[in-house]
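Encoded as structure tokens, the structure appears first; notes follow it.
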Amino acid sequence: MERFVVALTRTCGSGGTTISKMLADDFGIDMYDRKLLRLASEDSGINEELFAKVDEVVKSRLLYRVSKKVYNGEIIPPESNDFVSDQNLFNYQAKVLKELAERESYVCVGRACDFVLKDYPNVLKVFVYAPENICIEREMERQGIDRRGAEKYVQSNNKFRKEYYKYHTGKVWESPYNYDLCLNTAQLTYEESVKLIEGLLQTRFGVTP
């Protein structure tokens, strides 16, 4: 298989972003997280600041908690009043992810990529997690903050990710049924986690770094 995608979902503080970077470096491919916002902006013509604003502002809204708008592949046209809605901004990110999957290998962090690319045969869906107390300790060290601040940071980020995922996919974020591989980084080093993912990529798609 010439192209593959690793769609990596992670809990806050689990090390998923670091693992994604290591994996992308090993294969010499791109990792898309917030960089996806720029590509979606270029594709849609919508200011990148609007995409970034959605990432930040909607965390405080009730939107994802009380409603659901499962992604179905549609793009809302520019003449619509909903062209720059939260849903359409997600739609354009999904459109870019699909187009990228047709022409290159990459690692995607979050963005419900596992759901967006669910019909693509060349996608490995990975969930990276760790117990909350471990994640809190890691964020204390990474950010140089106290336990209370780290606890709030981890819990609020995980809450948003859970609600975001449910809103756009209709599925439960932490469910193992969504993924091909679930890794507990309290039991594994980041290097060991990368090797496990690479081993499954070799088994599934015949690719090696």
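The values are calculated or read from the model by the stated rules, or taken from the named source; none is laboratory data. Because the structure is predicted, anything quoted here is derived from the model rather than measured. Ideal geometry is used to build each Cβ from the backbone, glycine not excepted, and the neighbour counts take in all protein chains shown. Please note that ligands, DNA and RNA were not included when accessible areas were found on the heavy atoms of the full protein model with its side chains. Shrake-Rupley method; radii C 1.70, N 1.55, O 1.52, S 1.80 Å.
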Next on the checklist: Please return the ranges of helices (runs of 4 or more DSSP H) entirely within the stretch 121-209 where 1 or more residues are of a type in the set (D, E, K, R), within 23 Å of ALA24 (Cβ to Cβ) and over 16 Å from the mean Cα position of the chain (by Cα).
Outcome noted: 132-143, 190-205
Checklist entry - Does THR189 satisfy the condition of being of a type in the set (Ser, Thr, Tyr), surrounded by fewer than 18 Cβ atoms within 10 Å (Cβ to Cβ) and under 22 Å from ASP33 (Cβ atoms)? => result yes
Checklist entry - If you take the residues of the stretch 139-177 that are of a type in the set (Lys, Arg) and closer than 25 Å to CYS113 by Cα, which of them is surrounded by the fewest Cβ atoms within 10 Å (Cβ to Cβ)? => result LYS159
Item to check | Criterion: open to solvent by 40 Å² or more (accessible area, probe 1.4 Å), at pLDDT below 90 and more than 23 Å from VAL172 (Cβ to Cβ) - qualifying residue of LYS69, LYS35, LYS59 | outcome: LYS35
Item to check | Contacts under 7 angstrom Cβ, first residue in the stretch 94-108 being open to solvent by 60 Å² or more (accessible area, probe 1.4 Å), partner not in a helix (DSSP H, G or I), 6 or more apart | outcome: LYS95/ILE75
